[in-house]
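Asks: Okay, here's the structure, questions in a sec.
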Amino acid sequence: MTASSTPAPASPLTTELTLRLHDLMLRTRVLEERLITMYKQGDGYFWIGGPGEEAFNVSLGLLVDKGQGVDHDYLHLHYRSSGTLLAMGADPVDSLRQMKNTVTDPYSRGRNFAGHYSVRKWNVAPVSSPIEVQYSIAIGTARAQAKGTGAKGISIVQGGDAGTAEGDFATALVWSSRKGQELPLLMIVTNNRYGISTPFAGQHGYDQVAERGKAFGMPTAVIDGNDPAASYAAIKKAMDYVRTERKPYLLEAMVSRLHGHSSASGANFVKDESDCLALFEKKLEDKKLLTRAQMDEMRAKYTHVLLEASKKVREEPPPTPESIWDHVFADKNYVGGEK
Amino acid sequence: MATMVQAIRMALHVGESKLGVTDIFGEDVGPPLGGVFTATQGLRTTWNTPLDERGVIGMAIGLALAGRKPVAEIQFCDYAFNTIDLLKIAGNTCWSTAGDWNVPLVMMTPVGAGIRGSIYHSHSFDAQATRIPGWKIVMPSTPRDAYGLLLSAIRDPNPVMFLKPKALLRVKSRPGEEIPGEPADEKTLSKMIDAPLGDRSAWKPEWPTLEELFIPIGKARVARSGTQVTVLTYGRNVPMCVAAADELAADNIDAEIVDLRSLHPYDWDAIKESVRKTNRVLCVNEDTEITNFGEHLIRRITEELFYELHAPPKLLAGAHLPGIGLADALEMASVPQKDGIKRAIAELARHQP
Ligand SMILES: Cc1ncc(C[n+]2csc(CCOP(=O)(O)OP(=O)(O)O)c2C)c(N)n1
C-alpha cells in the first residue's frame, strides 16, 4: 500500500484465526447483502453499511477488549461497522430488525437507520448520523480512561476520509495530544477515497489523512484495509501502543466501497473496487485452507439463514405510536451504575 | 449574603464533594483564573480546555457516557452556537437508543444582556435551548435558586442546561433567601471563598459547611404575588419585573411576577393557576421576539385558557435584530427595560374587553 510512517509488521495469522476472520467477513457480507435486499424489497427505508470494509472491521471487532465501563474499550463508530459488531458477537438478526424498524430492534427500537448500533453493555456508543461528531465525543470516554485514572480500557473512534474535514477531527487531534494530558485514543480513518460523490482529492490537499497526526506528535500508519492480515497486525500494534502508553495513535486504512455510498446511490455492486472477501477467499483456496465449494456452501447456508430470519422479522411488531414519548428523559443514571 | 456567582461556586463545591461531580471544565475554568466570572475558583476538579466549544460539549458527552459526572462551561452562550448539533446529540442519545444510554451532564453558560457586552456577549439562549428536546433547562434569578437549581441539575440523570443571567451574577441575595450554611456576614464569606487578586497559587478556599438544597426542576416561584396581571419571566428580567410591579403599586396596579426558573420542563400548573387568578398575561424575556419561548407560552395559554383571558396576551422580548449594539441607547432599545415593562403591565391591567 502507500507510504507508512510506522509500517505494520506482516504478522502471519494462525490458521484458526484466518478461518475465523474469513467466517466473520463472509457473515458480514451476507448480512449486508440481506440488508440491501430488504431495502430493495421495501422492508426498510434506507440502507447504509460496510461491504468492502469487512477485512478491517472484523479484525477490529476481534481485537476489542469487550465489556462495560472504563476497564474495557469504548467504541465510537460510524454507519459501516457491521463487521466490527458481528465480530464482537452481535446477532445479525438484530441488524435486520433495525432495517425493518421493528420494536424488537435492540439498538433503537425502530427509531434509527440500519447500521446505527448502540450496545451499552459492550461500550458501543450510539452511532449517530451527523458525520464526525463521534471524534468530539470519543475524547470524553478517553479522558475517563487517561493515565492516572487506573482504567485499563482505551477509546477507539472510527469514521470515513471525507469526514475528517470536519472540525471534530481536529478536536480529537488537539485534545488527545496535549503534553502531559494525552488521551488513550485510537483514531481510525477508513479511507474509501470518497465522500458520497466527491473524490478524496477534491476535499484534501494532502495524500493521506494520517499525515495530519504527525504534526501532533502521534504515531501514524497507513495500511491496506482490504488485507485482513495487515489490518489485524496494524490494529493490534496500534492498540498495544495506546493501551500501554495511554497516548493517541492515528491509523488510516485504505478500504473499498463495494455497494456505493448508500441506498441513495442505488446500493448496487461496484465492479472496479477491490473486494477484500474475494481476494481473501482466493488466498485461502491457494493455501488450501478451504475449497471453493466449501466456501460456496458456507455462503449459501448463511444466506439461507438470514433469508429465513428476514421473513420472521417481517412478522415482528412495529413500535406503537404512543411509544414516541418513551425515553425522552432517563429516570435513572444508568451509565453511573444505577439499576 | 452570597452573590449568584458565589452561590454557583458553592453549589459546585457541594457537587464535587458530595454529589459525585468529577470534572468541571471549560475555557479558563481551571486555575489560575477560575472562570471569567470567577464561578469556578478554588474548586478541586476544575481544568482548562483548549479553546474549542465543540470539544467542550463532546468531552462532556463522552465523560457522561463513561459514567462520570461532568459540568461543562461554555464561556459565553454567544459561543455555543457551533455546538448545537452536539447539544442535540446529548439531548437525543437516551431517546434514540431507547433508553440504552443516558447522558448525565450539566452545561452552564452565561446568557443575556445588561453588561454592555456588545454584539457577542449579550446573546440570549433560551429560544435555542428550548428547541433542543431531551434537555432540562433552568435559569435562576436569585443566588439561592442558583444554588438549589444547580444541585438539582447535578443530581439529574439527564443533560441539564444551567443558564446564568450574567447581569445578575454579582447581585446579592435578599434577606430570607439565604443559602443554608452560608455565613451571615458577606465579608466573612468573601474572605473564605473569593480568590485574592494577583498571585493565588498558594491560595485555598475555606468552604463553609453547606447544606444541600434541591430546588426541583420544573417548579416556578411566585416572585411577587398580585391579582391583576400575570407576568411570566425568568433570569435577568425577574428583578426588573418585580421592581416595575412595585412601582406600579402606587397606581393601584397589582401585578403577579412568576419566575419560571425551569424552561423545560416548565411549570404549567403554576402558570395556569396565576392566569386563572389575574386573567391577563405578559411574557417578558430578552431573546429575539420571533419564535420566542414566550410565544410558545402565549400559544398554549391562548389554546387552553382562552375563555379565562380578559385581554390579549402580550410578549415583551428582544427586538428581532442581528445583534445588540454596544452604546447605552442601543442596548437599552434592544431588550426589555423596566419602563417598557411598566407600560406593558399597565396597558394590560387597564385593557377592557
Ligand atoms: C455533518 C454531516 N454533513 C453531511 C452529512 C451527509 N453525509 C452522509 S455520509 C457523507 C459522506 C461521508 O464521507 P466519509 O466521511 O468519507 O465516509 P464514508 O461514507 O465514505 O465512509 C455525507 C456528506 C452528514 N451525515 N453529516
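The values are calculated or read from the model by the stated rules, or taken from the named source; none is laboratory data. Keep in mind that this is a model prediction, so the values were computed, not measured. Neighbour counts are summed over all protein chains in view; Cβ atoms, including those assigned to glycine, are modelled from backbone coordinates with ideal geometry. Heads up: the accessible areas ignore ligands, DNA and RNA and are worked out on the full protein's heavy atoms, side chains in. Shrake-Rupley method; radii C 1.70, N 1.55, O 1.52, S 1.80 Å.
Asks: Would you check the accessible area of A:TRP122, probe 1.4 Å, heavy atoms only, in square angstrom rounded to 10?
Replies: For A:TRP122, the solvent-accessible surface is approximately 40 Å².
Asks: Follow-up question, since we're still on this one. For region B:181-284, which chymotrypsin sites (Phe, Trp or Tyr not before Pro) are in a loop by DSSP, counting at most 16 other Cβ atoms within 10 Å?
Replies: B:TRP203, B:PHE214
Asks: By a straight-distance test (C-alpha under 17 Å), which lysines pair with A:LYS247 as possible cross-link partners, with residues fewer than eight away in the same chain excluded?
Replies: Filter leaves A:LYS147, A:LYS152, A:LYS179, A:LYS214, A:LYS236, A:LYS237.
Asks: Which parts of region B:126-166 would a label at B:ALA243 reach, counting a residue when its backbone N lies under 20 Å from a point 7 Å out along Cα-to-Cβ?
Replies: From region B:126-166, the list is B:140-146, B:164-166.
Asks: Could you work out, residue by residue across A:322-330, how many beta carbons of other chains sit within 10 Å of that residue's beta carbon, and then give the average as an integer? Could the numbers behind the result be given before it?
Replies: On the way: counts 0, 1, 1, 1, 4, 12, 8, 14, 13.
Per residue, the average neighbour count from other chains is 6.
Asks: How big is D, in µm² s⁻¹, for chain A by Stokes-Einstein at 20 °C and 1.002 mPa s if Rh is the Kirkwood radius over C-alpha pairs? Provide the component values of the computation, followed by the final result.
Replies: On the way: Rh = 20.4 Å.
Calculated translational D: 105 µm²/s.
Asks: So, one more: Where both partners of a DSSP beta bridge lie in region B:221-350, what percent of those bridges are antiparallel, to the nearest 5?
Replies: Working: 3 of 16 bridges.
Roughly 20 percent of the beta bridges in region B:221-350 run antiparallel, per DSSP.
Asks: Given the Cα-Cα distance of B:ARG343 and B:ARG299 and 0.36 nm per residue of separation, how much length would full extension add, in nm?
Replies: Numbers: separation 44, 0.36 × 44 = 15.84 nm, distance 2.23 nm.
Between B:ARG343 and B:ARG299, full extension yields an extra 13.6 nm.
Asks: Additional query: Pick out, from B:CYS283, B:SER225, B:LEU316, the residue whose Cα sits farthest towards the positive end of the charge dipole of region B:221-350, with +1 on the Cβ of Lys and Arg and -1 on the Cβ of Asp and Glu.
Replies: B:SER225
Asks: What's the carbon and sulfur percent of region B:4-193's accessible surface, probe 1.4 angstrom, rounded to a whole number?
Replies: Values: 2960 of 5460 Å².
Reported share for carbon and sulfur atoms: 54 percent.
Asks: How much of the DSSP bridge set in chain B is antiparallel, in percent, rounded to the nearest 5? Could you put the intermediate results ahead of the total?
Replies: On the way: 6 of 38 bridges.
Beta bridges within chain B, antiparallel portion: roughly 15 percent.
Asks: Another question, if that's okay. In region B:146-165, what residues drop by 30 Å² or more of accessible area when the other protein chains are put back, versus the chain on its own? Use 1.4 Å, and skip ligands and nucleic acids.
Replies: B:PRO157, B:ASN158
Asks: To continue, here is another question. When the solvent-accessible surface of protein heavy atoms is calculated with a 1.4 angstrom probe, in what order do A:TYR79, A:TYR334 fall, highest first? Could the numbers behind the result be given before it?
Replies: Details: A:TYR79 30, A:TYR334 55 Å².
Result of the area sort, largest leading: A:TYR334, A:TYR79.
Asks: May I pose another question? Given contacts defined as C-alpha pairs under 8 Å and at least six residues apart, what's the relative contact order of region B:221-350, whole-number percent?
Replies: On the way: 228 pairs, mean separation 38.6, N = 130.
Normalised by residue count, the contact order of region B:221-350 is 30 percent.
Asks: Quick check for you: with a 1.4 Å probe and neighbouring chains kept, what is the accessible area per residue of region A:259-339, in Å²?
Replies: Result: 67 Å² of accessible area for each residue.
Asks: Convex hull over the Cα atoms of region B:94-247, averaged projected area in nm²?
Replies: Dividing the Cα hull surface by four gives the mean projection, 13.0 nm².
Asks: Mind giving me the FRET efficiency for A:LYS288 and A:GLU211? R0 is 30 Å, r the Cβ-Cβ distance, nearest 0.05 is fine. Intermediate results must be reported in sequence, preceding the final value.
Replies: On the way: r = 40 Å, r/R0 = 1.35.
Rounded to the nearest 0.05, the efficiency is 0.15.
Asks: Need one number: nm distance between label points at A:ASP296 and B:GLU211, each 7 Å from Cα along Cα→Cβ, rounded to one decimal.
Replies: 8.2 nm
Asks: Where the centroid of each part is defined by its Cα atoms, how far is region A:261-320 from region A:87-160 in Å?
Replies: If we compute the Cα centre of each part, the gap is 23 Å.
Asks: Round to a whole angstrom and tell me the spacing of the C-alpha centers of region B:19-35 and region B:294-350.
Replies: Value for the Cα centre distance between the two parts: 36 Å.
Asks: Which length gain, in nm to one decimal place, applies between B:ALA333 and B:ASN252 when the Cα-Cα distance is subtracted from 0.36 nm times their residue separation? Could the numbers behind the result be given before it?
Replies: Details: separation 81, 0.36 × 81 = 29.16 nm, distance 2.74 nm.
26.4 nm is the gain from fully extending B:ALA333 to B:ASN252.
Asks: Let me ask another. Quantify how strongly other chains surround peptide B:67-80 by giving the mean number of their Cβ atoms within 10 Å of each of its Cβ atoms.
Replies: Values: counts 10, 8, 3, 3, 0, 1, 0, 0, 0, 0, 0, 0, 0, 0.
Taking all residues of B:67-80 together, the mean is 2.
Asks: Computed on protein heavy atoms with a 1.4 Å probe, what is the summed buried accessible area for the chain pair B and A, in Å² to the nearest 100? Write out the running numbers ahead of the final one.
Replies: Working: alone 14880 and 15480 Å², together 27040 Å².
Chains B and A together bury roughly 3300 Å² of accessible area.
Asks: Further question on the same structure: Could you state the accessible area per residue of region B:4-193 in Å², with a 1.4 Å probe and every protein chain left in place? Mind dumping the intermediate values first?
Replies: Details: 5460 Å² over 190 residues.
With the other protein chains kept in place, region B:4-193 gives 29 Å² per residue.
Asks: Additional query: Leaving ligands, DNA and RNA out of it, report the carbon-plus-sulfur percent of the accessible area of chain A at a 1.4 Å probe. Walk me through the numbers before you get to the answer.
Replies: Details: 7550 of 13820 Å².
Answer for chain A is 55 percent, counting heavy atoms of protein chains only.
Asks: In deg cm²/dmol and to the nearest 500, what is the mean residue ellipticity at 222 nm of chain A if only DSSP H runs of at least 4 residues count, each as -39500 (n - 2.57), divided by the residue total? Don't skip to the end; give the middle numbers.
Replies: Details: 10 runs with 128 residues, N = 339.
Computed ellipticity for chain A at 222 nm equals -12000 deg cm²/dmol.
Asks: Okay, moving on. Just want the answer: with Cβ charges of +1 for Lys and Arg and -1 for Asp and Glu, which residue in B:ILE8, B:PRO32, B:ILE132 is farthest toward the dipole's positive end in region B:4-193?
Replies: B:ILE8
Asks: Give me the net charge for the shell around A:ALA264: Cβ to Cβ below 14 angstrom, other residues only, Lys and Arg +1, Asp and Glu -1.
Replies: Working: positive: A:LYS40, A:ARG257; negative: none.
Value of the local net charge: +2.
Asks: Of B:MET332, B:MET4, which has the most accessible area and how do the rest follow, probe 1.4 Å? List each step's numbers first, then the result.
Replies: Numbers: B:MET332 90, B:MET4 0 Å².
Ranked from most to least accessible, the order is B:MET332, B:MET4.
Asks: Probe radius 1.4 Å, ligands and nucleic acids left out: which of A:ARG178, A:ARG193, B:ARG276 has the largest accessible area, and how do the rest follow? Provide the component values of the computation, followed by the final result.
Replies: Values: A:ARG178 50, A:ARG193 95, B:ARG276 120 Å².
From most exposed to least exposed: B:ARG276, A:ARG193, A:ARG178.
Asks: Rounded to the nearest 20 Debye, what is the dipole magnitude of the protein assembly as shown about its Cα centre when Lys and Arg each give +1 and Asp and Glu each give -1 at the C-beta?
Replies: Values: 77 positive and 83 negative charges, 166 e Å.
Once rounded to the nearest 20, the dipole reads 800 debye.
Asks: Same structure, new question: Mind checking the log10 I(q)/I(0) for region B:4-193 at q = 0.08, 0.12 Å⁻¹? Debye, one equal scatterer per Cα, no solvent, two decimals.
Replies: Values, matching the q order: -0.23, -0.53.
Asks: Can you tell me the accessible area per residue over region B:206-353, all protein chains present, probe 1.4 angstrom, in square angstrom?
Replies: 46 Å²
Asks: Under 23 Å Cα-Cα from A:LYS288, which lysines qualify once same-chain neighbours fewer than 8 residues away are excluded?
Replies: Those lysines meeting the cut-off are A:LYS301.
Asks: So if I place +1 on the C-beta of Lys and Arg and -1 on the C-beta of Asp and Glu, and nothing else carries charge, what would the dipole magnitude of region B:87-220 be about its Cα centre? I want it in debye, nearest 20.
Replies: On the way: 16 positive and 14 negative charges, 103 e Å.
It works out to roughly 500 debye.
Asks: Testing the spin-label approximation: label points 7 Å from Cα along Cα→Cβ at A:PHE46 and B:ILE115. State their distance in nm.
Replies: It works out to 4.1 nm between the two label points.
Asks: Let me ask something else about it. If you put +1 on each Lys and Arg Cβ and -1 on each Asp and Glu Cβ, how big is the dipole of region B:4-193 around its Cα centre, in Debye rounded to 20?
Replies: Charge dipole, region B:4-193, about its Cα centre: 280 debye, nearest 20.
Asks: List the residues of region B:126-167 whose backbone N lies under 16 Å from a point placed 7 Å from the Cα of B:LYS219 along the Cα-to-Cβ direction.
Replies: Under cut-off, by backbone N: B:138-142, B:144-156.
Asks: Now for a separate question. Considering only DSSP beta bridges whose two residues both sit in region A:94-230, what percent are antiparallel, to the nearest 5? If you can, show how the numbers build up before the last one.
Replies: Details: 3 of 9 bridges.
Here the antiparallel bridges make up roughly 35 percent for region A:94-230.
Asks: Under a cut-off of 21 Å between alpha-carbon atoms, report the lysines in cross-link reach of A:LYS332, not counting same-chain residues fewer than 8 places apart.
Replies: A:LYS121, B:LYS18, B:LYS69, B:LYS88, B:LYS136, B:LYS219
Asks: Given 0.36 nm per residue, what is the gain on full extension from A:SER274 to A:LYS121 after removing their alpha carbon distance, in nm? Display every interim value, and only then the final one.
Replies: Details: separation 153, 0.36 × 153 = 55.08 nm, distance 3.48 nm.
Using 0.36 nm per residue and subtracting the Cα-Cα distance, I get 51.6 nm.
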